[in-house]
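Just below is one structure, and these are the notes that go with it.
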Amino acid sequence: MRETGFIKQNKEKWVEFEQTLKQKQKDPDSLSNLFVQVTDDLSYSRTFYPNRSVRVYLNNLAQQIFQSIYKNKKEKGNRFAIFWEKELPCIMYQTRKELLVSFLVFMLAMGVGVLSSAYDPEFYRLILGDSYVEMTKENIRTGDPMAVYKKMNEVDMFLGITINNLFVAFYTFILGVIMSVGTLAFLLYNGIMVGSFQYFFVEQGLFRESFLTIWMHGTLEISAIVIAGSAGIVMGNGLVFPGTYSRLQSFQVSARRAIKIMLGITPIFVFAAFIEGFLTRYTDLPDPVRLAVILLSLFFILGYFVWYPRHKANEGFENIEPESRLNANGTNKAEFAGIKSNGEVFIQLFIFYRIYLKQIITAALLLAGIFSISTYFVLREKILELYTYYGTDSMNSQSYFNVFENLYSYLNYSKYPVFYLFNTVFFSLLVFGVYYLLSASAQGKTQDEILSRKQILTALSKRFPTVIIFIALLNTIFFIPDGGSFFLFAIVSPFLFLVIYACLFKETYFLPALNHCRKILKGNWFNLLGLALILSLLGSIYFFVFNSPFLFFYFEIITWNLNVAPETLSKIFQIFITFLSLFAMGIVVPIVLIGIGLKFHSLLEINEANELKQRISNIGFKKQRYGMDVEN
């Protein structure tokens, strides 16, 4: 085709493109399609008209497009509204069967709890615990049966309940990876507990008061747990029923869908905790008011999560959840390039974690072993005071292996300052190891190169001093008393980990890395915090496992076969609990670190578009294929 014919054929399209670029509000999806078409024309012009003005014109047009694509994608103001208006309802409609299963299982479990408590008066004691039952009966005798909701101040109660509800929902969701069985079992457990709880008040002749009080917040809270159950079943079904996908690809699709459901119900938990912390305590509110709160909550849940998705389905959903960006079947390499949502980061994290699982577990075992033994030799007899310890006479699986709560003792530097030194070295080695693997992989090095002793020692000598300085500064947060350290750590640590990774990946120093991260994080701070929260909750499943009765049972068997004095047995268990705590951090912390490192590459692409620039620079280069000249 002659140049004049090529221009005449495409002139109107190019003019339309220029007008689109001049608009203040640009649709990033349209710009992306625009970029593809212009680069195709540019590729054609470089092949057939390499020295003509049309090639220069199209090259300039393509550069204008790429400068607009990611910037406008980040700043698109209605992305939040689209999620709630279209995307989440679409997912909930696709998940309607799983939601029904979750609801029926929970209701069945509630029925079991009610009937069991009715036929066995001691059953609700077994479920609720003697201390709670006796406390509530004492409140009933004093004329205030719902006094349990008034003991804490509003803010502390709100924060505590929010965290607790998020943990319950997350466990309900994440246990779905056990082929959905874990989620169903957790729904059964919670349903039985709710049924027993409600029947206990019925038996005391307090049905009306308990119903109007408990279900003020419980309507939203329990509904959100049921929806979290549907998310867990969705994720589990992706593993069990892959369909035409590979199992990994099916898991990617189902996990992405399930995570979006979890993001959608997070505000519900927060609002339910707000009601419980600030409103439920006012048991003297008029009954119509409390009933109105319950009905409004129920109408919202049924309206938004059941009726609205079906209504939108009747209108026809747009294709808002493409599955074309799946990894190739059998991929053995994490993707660092391109912009990724938190759901996509979640998937890439597991691919990378799986590749280096052996190295991560080995490092966690070595570090935990070295530092738990070191802790014992430094503290000696004081190690028995380190954790809340229960001897063999009071073996209770829920308290004896409460490793997660006992981590606070390990991070309590005001009581044991020596742990500041231990933790600084431990975390520095862990952070350096994970970020060395991640940054070297992102730089395109092979696995043999990454794991070579020479490469590791070289990186260790250059970058480890920077890492240990950062971790030492971060660790000073835990000198703050009264639990405020954990809140501050949760806010500060994601950004600091991002800076540490920038230092290793960019091979630069603190101030340049700090300034760089500040720039790329602009407008994405809460997105990073949300990712860190999700990954922390994901990692906490490890601690949940160590609170399970099964592990306790095996340790009970061990105690039967150890012919040692009770004092020696106590020391052995205390050292082992220390080991479990350190090993937990050794396999959980890398999950958060890898996710933040992958997010760094996504933020980098949003702000600098390096991948897009590379694609443009490659346009027009030809290679030989089957004896013919073709475009890249």
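Nothing in this text is a laboratory measurement; each read-out follows from the coordinates by a stated rule. Everything numeric here is computed off the predicted structure, so don't read it as measured data. Note: ideal-geometry Cβ built from the backbone for every residue, glycine included; neighbour counts use all protein chains shown.
Of the peptides 589-602, 413-426, the order by per-residue mean of other Cβ atoms within 10 Å, starting with the highest, comes out as 589-602, 413-426. Is the shape of the range 238-297 best called rounded, prolate or oblate, per the rule: a/c under 1.5 gives rounded, else a/b larger than b/c gives prolate, else oblate, with a ≥ b ≥ c the square roots of the Cα gyration tensor eigenvalues? In terms of gyration-tensor shape, prolate. Contact order for the range 87-315, expressed relative to its length and based on alpha carbon pairs under 8 Å spaced 6+ residues apart, stands at 33 percent. Shape verdict for the range 87-315, please, from the Cα gyration tensor: rounded (a/c under 1.5), prolate (a/b greater than b/c) or oblate. Prolate is the answer for the range 87-315, as a/c is 1.5 or above and a/b outweighs b/c.
Here, the range 418-496 has an Rg and a Dmax of 14.9, 47 Å when only alpha carbons are counted. Peptide packing: for 436-444, 280-288, the average count of neighbouring Cβ atoms within 10 Å per residue gives the ranking 436-444, 280-288, highest mean first.
Put a plus charge on the Cβ of each Lys and Arg, a minus charge on the Cβ of each Asp and Glu, and nothing anywhere else: the dipole of the range 87-315 about its Cα centre is then about 860 debye. When you count the other C-beta atoms within 10 angstrom of each residue and take the mean per peptide, 201-209, 220-228 line up highest first as 220-228, 201-209.
Are any of the pairs Lys13/Lys340; Lys13/Lys260; Lys151/Lys415; Lys11/Lys519; Lys333/Lys519; Lys358/Lys506 more than 32 Å apart by Cα-Cα distance, and if so, which? Pairs exceeding the cut-off: Lys13/Lys260; Lys11/Lys519.
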